[in-house]
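Structure record follows, encoded as structure tokens.
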Amino acid sequence: MELNIKRFSELGNQELYKIIEARINVFVVEQNCPYQECDNKDQNSFHLFYQDQNQIAGYLRIIPPGISYKEASIGRVLVKKEYRREGLGFKMMEAAVTFIKNNFDSEAVRISAQEYILNFYQQLGFKVVSDRYLEDNIPHYQMICKL
């Protein structure tokens, strides 16, 4: 399995297609949550993904400071069903935080985390910094990890 981190402009057509397909399959189909997939943040983001042969095993996007929040951000975190419970989510998040430390002038990373997975992010050093709120009708919390 190969780790890739690419700017939007560096993604090939097939890579972009597979990323969008994975995001829709997990967030729209699996979680039964229609949401605005194309939010005009991808073009300014870095796309971190593990590729296993010709499919996306895990994915997240790294959003520079000043786009979603004043801090750098990580979003659209997913691991396809057949790759879950293997530690891939931790590896991706650790790689993303390291990338942010090395490439951005940001004192922290801010995320919008679904309630059911708070423990996962807390194990990575993220702390809840907001009250519970609904995003796309799913309970979320803002979380921050100091760098």
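The values are calculated or read from the model by the stated rules, or taken from the named source; none is laboratory data. In this text, all values refer to a predicted model and were calculated from it rather than measured experimentally. As a convention, Cβ positions derive from the backbone with ideal geometry for all residues, glycine included, and neighbour counts pool all protein chains shown.
Here are a few things to note about the model shown:
- Odd one out for Glu10, checked against (1) touching a strand residue (DSSP E or B) at 6+ places or on another chain (Cβ under 6 Å); (2) under 28 Å from Leu147 (Cβ atoms); (3) without any contact (Cβ under 8 Å) to a residue 40 or more places away in the chain: (1)
- Residue within segment 49-72 that is of a type in the set (D, E, K, R) and over 25 Å from Met1 (Cβ atoms) present: yes
- Positions within segment 77-96 being under 22 Å from Gln43 (Cβ atoms) and either in a helix (DSSP H, G or I) or at pLDDT below 95 (or both), in sequence order: Met92, Ala95, Ala96
- Scan of segment 115-142 for residues that are of a type in the set (S, T, N, Q) and at pLDDT 95 or above, ordered by number: Asn119, Gln122, Gln123, Ser130, Gln142
- Some residue of segment 110-117 being at positive phi, of a type in the set (D, E, K, R), part of a strand (DSSP E or B) and touching a Lys or Arg at 6+ places or on another chain (Cβ under 9 Å): no
- Looking at Phe99, Phe120, just one residue is part of a helix (DSSP H, G or I), surrounded by 13 or more Cβ atoms within 10 Å (Cβ to Cβ) and in contact with a helix residue (DSSP H, G or I) (Cβ under 8 Å, 6 or more places away or on another chain), and that residue is Phe120.
- Residue check for Gly87: closer than 18 Å to Gly125 by Cβ and surrounded by fewer than 20 Cβ atoms within 10 Å (Cβ to Cβ): yes
- Residue list for segment 85-122, restricted to those being among the β-branched types (Val, Ile, Thr) and under 20 Å from Ser68 (Cα atoms): Val97, Thr98, Ile100, Val109, Ile111
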